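Notes to accompany the following structure.
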Amino acid sequence: MTDPAIRNIVIVGGGTAGWMAASALSRTLGKSVSIRLIESDEIGIIGVGEATVPHLKLFNNLLGINEADFVRKTFGSFKLGIQFVDWLRVGESYIHGFGSMGHEVGLMPFHQYWIKAMHKGMAKTNLGPYSVNSMAAVKNKFMAPGLDVPPNSPLGSVAYAYHFDAGLYAKYLRNYAEVLGVKRTEGKILGVELNPLSGFVDAVKLESGERVEGELFIDCSGFRGLLIEQALKTGYDEYTQWLPCDRAMAVPCANVGEPTPYTRSTAREAGWQWRIPLQHRTGNGYVYSSKHISDDEAAAKLLSRLDGEALADPRPLRFVTGLRKKPWNKNVVAIGLASGFMEPLESTSIFMIQSGITRLLKLFPERDFSQVLIDRYNDQVTFESERIRDFLILHYKATERTDTEFWNQCRTMDIPQSLKDNIDLFADSGRFFRNAEEMFADVSWVQVMVGQGIVPRTHHPLVDQMPDSDLAGFMASIESVVGQCADAMPMHSQFIAQHCPAEKVA
């Protein structure tokens, strides 16, 4: 009887996507499979994905990675959320903080009580004072959840992510995967051999003349999509009608002042600028629409707005937001940029790598490649991508800015019906319902909608079961506890110095 199990996996491309895939597959599948990763140092990687979301902790935990060691070796810092500056109006800002906000009462989420209290003048007009993450962020405070905190204290469940050097993370995972037996091959792929009957990829041909066979191929070749697109002609669904930015300039600069425990996103004339603090430098970039500003002007604007001295020349990137029509096609699964691209506004790129790998493991095939598994994988990736797409569009659409042609286009553009329905429902009475396993939870949607000026007309009727006299005290208590928790945290820089300082300056 022929062995139905997949025994040979070939990963095309390294970088963050390739080595995350190699690490997770080797950790999970063990010695039952042979895993070979092919990459070329000459081609290089994109390597600007330096901000993450809290889900990455789960991935690192799966691998058994020590957090302090990982942060030290990637020159990392911690991230409590994202600060959005000038998105609603110039001069205004808010923070999308990770984790919880306030606390629920019965069936009602905290923000429903805030809506009523805010309308009655019993609460702040923004949600920041009711989020530990948001208040700690603006004070440059941070701590990981500790065991020595009072029961039920918000400090026992602080949600956080990381900033790190993406190139160093890929190197870290390469070392990890090679210890587990992953074989790396340095070289360029010059050709892809397809099976004449099934259309599956049989092998890739290297510049050295070697022919590398495999049963399952993971395409981590970046925007090129060497297997998924160039060989299999899968096709691509664009999101550019709603997400108009198509280029970015990236440049590191010297650190100035304390590292902030949050990513900063500042709306600019034709897009937005990121600021990501690491231990040894600060990452910066301008994501923009080439229809509204030239490359040279974007580079000049970026350099003029850095906190410290630029450490390199701006590096240009071109992209098209969207998704492959079939991220899994035949025996090729595209992971990372090869599967599609969401601009980095909410730091989703590395999450989508992680999500694709996790989903592949859950639906891992045998050598017959059941179409049922492939279809379910593609359906789930499409659903997840469209929900993330809607969340990103929200930031652009819900603005009052009229100062540039770019923002006028964003403010007046048509949006997907799915997003319009969510906005209308929330604007009516503050209700939002998370759809299945979509990435962003209710608290994220609520913070961004309120931050972008979508204030609900009224609240859920069940909130009225709490008397107004109790409501005022409830809101004041939440604000007080949140403030005390933020004050009790050490400074972000102190936490790093104590637990995970980089071993040397890169």
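Just so you know, all these numbers are worked out from the coordinates, no wet-lab data involved. In this text, all values refer to a predicted model and were calculated from it rather than measured experimentally. Neighbour counts run over all protein chains shown; Cβ positions are idealised from the backbone, glycine included.
Spin-label point model (7 Å from Cα, Cβ direction): what's the Lys233 to Leu107 distance in nm? Modelled inter-label distance: 5.4 nm. Here the range 247-318 was treated as a single set of alpha-carbon atoms; its pair distances binned every 5 Å from 0 give 3, 19, 31, 23, 15, 6, 2, 0 percent. Under 28 Å of direct C-alpha separation, and excluding same-chain neighbours fewer than eight residues apart, Lys330 reaches these lysines: Lys31, Lys183, Lys188, Lys205, Lys233, Lys362. What the Cβ-Cβ distance of Ala5 and Arg457 gives, at R0 = 45 Å and to the nearest 0.05, is a FRET efficiency of 0.20.
With only Cα atoms counted, the range 369-476 has Rg and Dmax values of 18.0, 62 Å.
Using equal-weight Cα scatterers in the Debye expression, the normalised intensity of the range 428-487 in log10 at q = 0.13, 0.26, 0.27, 0.28 Å⁻¹ is -0.51, -1.09, -1.08, -1.08. The slack in the chain from Phe223 to Phe433, taken as 0.36 nm per residue of separation less the alpha-carbon distance, amounts to 72.3 nm. Packing here is the average count of other Cβ atoms within 10 Å per residue, and on that basis the peptides 332-342, 297-307, highest first, run 332-342, 297-307. Legend: calculated FRET efficiency, Val256 to Met413, from the Cβ-Cβ distance at R0 = 60 Å, rounded to 0.05, equals 0.95. Add -39500 (n - 2.57) for each DSSP H run of 4 or more in the chain, then divide by its residues: what number comes out at 222 nm, to the nearest 500 deg cm²/dmol? Value at 222 nm, helices only, nearest 500: -10500 deg cm²/dmol.
Were the residues from Val372 through Asp41 laid out at 0.36 nm apart, the gain over their Cα-Cα distance would be 115.5 nm. Normalising the Debye intensity of the chain to I(0), with uniform scatterers on Cα atoms only, and taking log10 at q = 0.08, 0.11, 0.12 Å⁻¹ returns -0.52, -0.98, -1.15. Projecting label points 7 angstrom from Cα along Cα→Cβ for Lys362 and Arg318 puts them 3.7 nm apart.
In this simple spin-label approximation, Asn195 and Ala300 carry label points 7 Å from Cα along the Cα→Cβ vector, and these lie 5.7 nm apart. Taking every alpha-carbon pair within the range 179-316, the share separated by more than 26 Å comes to 51 percent.
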